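Enquirer: I'd like to ask some things about the structure below.
Rule-based calculations on the coordinates, nothing more; no lab input. All values reported here derive from a predicted model rather than from experimental measurement. Positions of Cβ are generated from backbone atoms using ideal geometry, with glycine treated the same way; all protein chains shown enter the neighbour counts.
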Amino acid sequence: MSRVGTVPVVLVTGIDATAMAAVTIGCQWDLPRAVVVRHDLDVEAQQLHRVVSDVDGVVEQVVHQLDHACVSCALREDIIPTLERLCADGRWEAVVAHLPVAAEAVQVCRLLELTAAPHVRISAVVTALDGTTLSADLLGDDLLRERGLHAAPDDDRGVAETCSSLVEYADLLAVTGTSDDEGRALLRALARPGVELVTDTSRLDGRGLLDGLHQHARTEAWVSPTRPPTVPLVVNRHTWSLELSSVRPFHPERLLEGIELLGSAGVRTRGCFWLPTRPGDVGVWDGAGGQLSIGTGSPWGSTRPFTRISVTGTTPSRARIGRLREDFDRLLLDDDEIEARGMLWEAFSDGFEPWLGAIRRAAA
């Protein structure tokens, strides 16, 4: 149910500026009583460019100097305050927000849960994509920096990791240009079940984006690293998805030595894991295109720890399914190790300090 006094906001995300602009303009024409705010980040100049416009023309155009040129700073200093100001203005029935290229809507939505913005209601997150490069953008090995798309001086994210995350958080996918069957199948495999895929942006229903497509709790549950395991294996004509899961932890030494076995090129991997040296910590796994990020999430709390890595690929990598299962099992504690030491180990170091931080406490 919508809160009284709020204004629906459509967030447009993506890694391709042309596709994002096409979707934004389409929404603006479809919603004549909407205002569009476009933010572009100039990392080198440490500037955030903001343009606000409606059907009558440009309302405001501002260059905001940032202390640090990064999306987090831009959100706090300008994007969230601007959304609240436009929604509270009363002149427009909706806001279409074109986020900086490669900025993730999840950051906006989560920050709005913590920030006073009483007039803002995120009604839809639309991810705009270039149909001609779908497979490369979702599974390739390019870095954002190599394409000039990095969102901060130290932004070392991969294109595939970023684009996959945008797809997974979306309420609607809008594809511009010509796309092939493999690319569209990959989008459907990564997106939350039920998310609409629009391959002709002229048919994008702007009005429908105001009806509450975005449900924060549902979306967060889908992208959560600790999402419960689902169907173990799904194989379609162009894609496959494999769920690797166990209540056992990874063996720290074997994981360090063989982590690339699961985080290799040509697939999207994400999920959670735990280590016997860190029984209270959720290990977060996020990889695509041969790039892999690991870190820590919220503590397990009362949830029994488990390890789950979801892997998605296309037909060329299908032969690896059996090997992935074998490699996953080999990285877990085996029966002999559990019998000898149990699943909780006391240790001062396990080799994962550079990524997971110091071991906070030894197991009892």
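Enquirer: Please sort 279-291, 244-256, 203-215 by packing, taking for each peptide the average over its residues of neighbouring beta carbons within 10 angstrom, highest first.
Expert: Those peptides, ordered most packed to least, come out 279-291, 244-256, 203-215.
Enquirer: So how do 20, 343 line up by other beta-carbon neighbours within 10 Å, fewest first?
Expert: So the ranking, lowest neighbour count to highest, is 343, 20.
Enquirer: Working from Cα positions, state the angle (0 to 90°, nearest 10) between the long axis of helix 105-114 and the longest principal axis of the chain.
Expert: Its long axis makes an angle of about 90 degrees.
Enquirer: Hey, what did the range 233-356 get for relative contact order, percent, Cα under 8 Å, at least 6 apart?
Expert: Once divided by the residue count of the range 233-356, the mean separation gives 34 percent.
Enquirer: Run the numbers for residue 202 and residue 47: contour at 0.36 nm per residue of separation, minus the present Cα-Cα distance, in nm.
Expert: Separation in residues times 0.36 nm, less the Cα-Cα distance, equals 52.5 nm.
Enquirer: If I fit a long axis through the Cα atoms of helix 159-169 and take the longest principal axis of the Cα atoms of the chain, what angle between them do I get, 0 to 90°, rounded to 10?
Expert: The angle comes out at about 70 degrees.
Enquirer: Got the relative contact order for the chain handy, in percent, Cα pairs under 8 Å and 6 or more residues apart?
Expert: Dividing the mean separation by the residue count of the chain yields 15 percent.
Enquirer: Now for a separate question. Quick one, which of (i) 31.1, 134; (ii) 20.9, 69; (iii) 21.6, 74 is the actual Rg and Dmax of the Cα atoms in Å calculated for this model?
Expert: After the calculation, the listed value that fits is (iii).
Enquirer: Then there's this: Can you tell me the FRET efficiency between residue 237 and residue 346 if r is taken as the Cβ-Cβ distance and R0 is 56 Å, rounded to the nearest 0.05?
Expert: According to the calculation, E is roughly 0.65.
Enquirer: Let me ask something additional. Amide H of residue 248: which non-local residues (sequence gap of 5 or more, or other chain) have their own amide H closer than 5 Å, using H built in the peptide plane?
Expert: Hits under the 5 Å cutoff: 307.
Enquirer: Pick from 60, 168, 339: which residue has the top mean-square fluctuation in a GNM of the chain where Cα pairs under 10 Å get a spring?
Expert: Answer for the Gaussian network model of the chain: 339.
Enquirer: Residue-wise, which Karplus ³J(HN,Hα) couplings in Hz belong to the range 120-129, taking 6.51 cos²θ - 1.76 cosθ + 1.60, θ = phi - 60°, and x for glycine or proline?
Expert: 9, 9, 6, 9, 6, 10, 10, 9, 9, 9
Enquirer: For the chain, what does the helix formula give at 222 nm: sum of -39500 (n - 2.57) over DSSP H segments with n ≥ 4, over the residue count, nearest 500 deg cm²/dmol?
Expert: The helix-only estimate for the chain comes to -7500 deg cm²/dmol at 222 nm.
Enquirer: Sticking with this one: Determine, for 27, 163, the number of other Cβ atoms within 10 Å of each Cβ, and report the residues in order from fewest to most.
Expert: 27, 163
Enquirer: Using modelled backbone amide H atoms (1.01 Å from N, in-plane), which distant-in-sequence or interchain residues come within less than 5 Å of residue 347's amide H?
Expert: Placed amide hydrogens put 363 under 5 Å from residue 347.
Enquirer: Taking only Cα atoms, what is the 0 to 90° angle, nearest 10, from helix 321-331's long axis to the longest principal axis of the chain?
Expert: Value to nearest ten degrees: 60.
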